[in-house]
Each structure stands twice: as C-alpha cells, then as structure tokens.
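Step one of this worksheet: look at the structure below.
The values are calculated or read from the model by the stated rules, or taken from the named source; none is laboratory data. Computed from a predicted structure; not experimentally measured. When we count neighbours, we look across all protein chains shown, and the Cβ atoms used for this are built from the backbone with ideal geometry, even at glycine. Quick note on the areas: whole protein, heavy atoms, side chains included, nothing else; ligands and nucleic acids left out. Shrake-Rupley method; radii C 1.70, N 1.55, O 1.52, S 1.80 Å.
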Amino acid sequence: MPITQQRALVLPQKGADFVLDTAIPVPKPGKEEVLVKIKSVALTPADAKLRKFGLIYGDYPGILGLDITGEVIDLGEGATRFNVGDRV
C-alpha cells in the first residue's frame with residue numbers, strides 16, 4: 001500500500017514557531033524529479049535564517065530542511081540520474 005501522507009515541521013508564517021503537521025500529502029514527482037523517502041533531516045543555520053527572515057521560495061506555510069538523507073522511491077518522467085532504491 002503506497003504511503004499517501006507524511007509528517008513535517010511546518011513554518012506557518014515568517015518568524016513563527018514550527019508546528020508538527022501529521023497529514024501532509026505525499027507529492028508525485030514531476031518531470032525530471034525524484035521522490036525521496038526521508039530517513040533523516042537536520043535543521044541547519046540556513047533553515048534558521050529562512051525561518052527568521054522569510055522563505056526564499058514558495059509561499060507559507062513552508063517546509064524547511066535543506067539537509068536530508070533517504071532513498072529514492074519514485075521517478076518522474078525523464079528522471080534518469082537516479083534509480084528507485086538509490087540512497088541519496
């Protein structure tokens with residue numbers, strides 16, 4: 001059975017405290033993208049600056065975490081650099 005929801009620390013707005021959301025939909029990879037099942041994530045000083053001063057991408061609520069490891073579980077159309085099962 002495929003996983004359809006995930007947990008994440010969500011930043012509701014600029015400078016706010018993180019909130020744990022346990023019902024975030026798992027996205028489908030787009031063209032030339034891969035879907036990674038995250039095994040570990042770290043919040044780094046860069047994430048702290050993004051939280052404090054505002055996201056540099058997208059809209060709120062936002063999900064930070066630039067430092068991740070995991071396993072490729074799905075490939076989008078044209079994704080050729082990685083294979084399902086690759087550790088990244």
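Tabulated data
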item: Hydrodynamic radius (Kirkwood) for the chain, which is based on Cα pairs only, to one decimal in Å; result: 14.2 Å
item: Cross-link reach list, lysines versus Lys28, counting only Cα pairs under 23 Å and skipping chain neighbours closer than eight places; result: Lys37, Lys39
item: Separation of the Met1 and Lys37 label points, Cα + 7 Å toward Cβ, nm; result: 1.5 nm
item: Table column - 3J(HN,Hα) (Hz), the range 47-53, Karplus curve with 6.51, -1.76, 1.60, x for Gly and Pro; result: 5, 4, 5, 4, 4, 6, 9
item: Set of aspartates and glutamates with alpha-carbon distance to Lys14 below 17 Å, sequence-local pairs under 8 removed; result: Asp47, Asp59
item: Most to least accessible of Lys14, Lys37 (protein chains only, probe 1.4 Å); result: Lys14, Lys37
item: Accessible-area value, Thr44, 1.4 Å probe, nucleic acids and ligands omitted, Å²; result: 40 Å²
item: Per-residue ³J(HN,Hα) for the range 72-79, Karplus 6.51 cos²θ - 1.76 cosθ + 1.60, θ = phi - 60°, Hz, x for Gly and Pro; result: 5, 10, 7, 10, x, 4, x, 6
item: Label-point separation in nm, Ala46 to Ile73, each point 7 Å along Cα→Cβ; result: 2.4 nm
item: Aspartates and glutamates with Cα under 15 Å of Lys52, excluding same-chain neighbours fewer than 8 positions away; result: Asp17
item: Amide H contacts of Gly62 (H built 1.01 Å from N, under 5 Å, at least 5 apart or other chain); result: Leu11
item: Whole-Hz ³J(HN,Hα) from phi, Karplus 6.51 cos²θ - 1.76 cosθ + 1.60, for the range 4-13, glycine and proline x; result: 10, 9, 9, 9, 7, 7, 10, 9, x, 7
item: Label zone at Asp59 (point 7 Å along Cα-to-Cβ), backbone N below 18 Å, the range 1-23; result: 10-15
item: 5 angstrom amide H check on Gln6, placed H, neighbours 5+ away; result: Ile24, Val26
item: Under 5 Å, built H, 5+ apart or other chain: amide partners of Val88; result: Gly70, Glu71, Val72
